[in-house]
1. Once you place label points 7 Å from the Cα toward the Cβ at residue 81 and residue 114, how far apart are they in nm?
2. In degrees from 0 to 90, rounded to the nearest 10, what is the angle of the helix 36-45 Cα long axis to the longest principal axis of the chain?
3. Taking 1 over the mean of 1/r across every pair of different Cα atoms in the stretch 16-84, what Kirkwood radius in Å do you get?
4. Which of the chymotrypsin sites (Phe, Trp or Tyr not before Pro) across the stretch 61-121 are loop residues per DSSP, with 16 or fewer other Cβ within 10 Å?
5. Restricting to DSSP loop positions (anything but H, G, I, E, B) with no more than 15 other Cβ atoms inside 10 Å of their own Cβ, which trypsin sites (Lys or Arg not before Pro) remain in the stretch 81-121?
6. Which is farthest toward the positive dipole end of the stretch 21-80 among 64, 37, 49, measuring Cα position about the Cα centre, with Cβ charges +1 (Lys, Arg) and -1 (Asp, Glu)?
7. What is the magnitude of the charge dipole of the chain about its Cα centre, with +1 placed on the Cβ of each Lys and Arg, -1 on the Cβ of each Asp and Glu, and no other charges, expressed in debye to the nearest 20?
8. Count neighbours as other Cβ atoms within 10 Å of each site's Cβ, and list the trypsin sites (Lys or Arg not before Pro) in the stretch 31-85 that are DSSP loop with at most 10 such neighbours.
Amino acid sequence: MSFDPAMLTYNDAGLIPAIAQDATTGEVLMMAWMNAAAVTKTLETGRVTYWSRSRQEYWIKGETSGHTQELVAFRVDCDRDCLLVTVHQTGAACHTRRRTCFYTEVQDDNEIEIMSPMTDD
């Protein structure tokens, strides 16, 4: 059965959440949005492409930062309304220069930063 991005369930803005996971460690790196064209670009190029809601444009992960995501596998959840992209991550996944966007943990009603920004070393 061939894959058709139009068969995914997008929200009212035409977007679908995409969770990026490190293919080697299983670490959840980030969540961003894709539209049908970003899905197609990702699958065609192997370079993970998202839709920026704030800038209203496509962004290929790492295009300006060098912190790239090379697609390893592309999965669709059972409801067809969420994507999982497993990737080879180079450098930080988060725009804060952290390995993952999930660097804040809630413990005993307090927010604790559990990860520092990466250095260039």
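Where a number appears in this text, it was derived from the coordinates with a stated rule and is not lab data. Because the structure is predicted, anything quoted here is derived from the model rather than measured. Because the Cβ atoms are built from the backbone with ideal geometry, glycine has one as well, and the counts that use them run over all protein chains shown.
1. 2.8
2. 80
3. Result for the stretch 16-84, one decimal place: 12.3 Å.
4. 102, 103
5. Answer in residue order: 97.
6. 37
7. The calculated dipole for the chain is roughly 500 debye.
8. Hits after loop and neighbour filter: 55.
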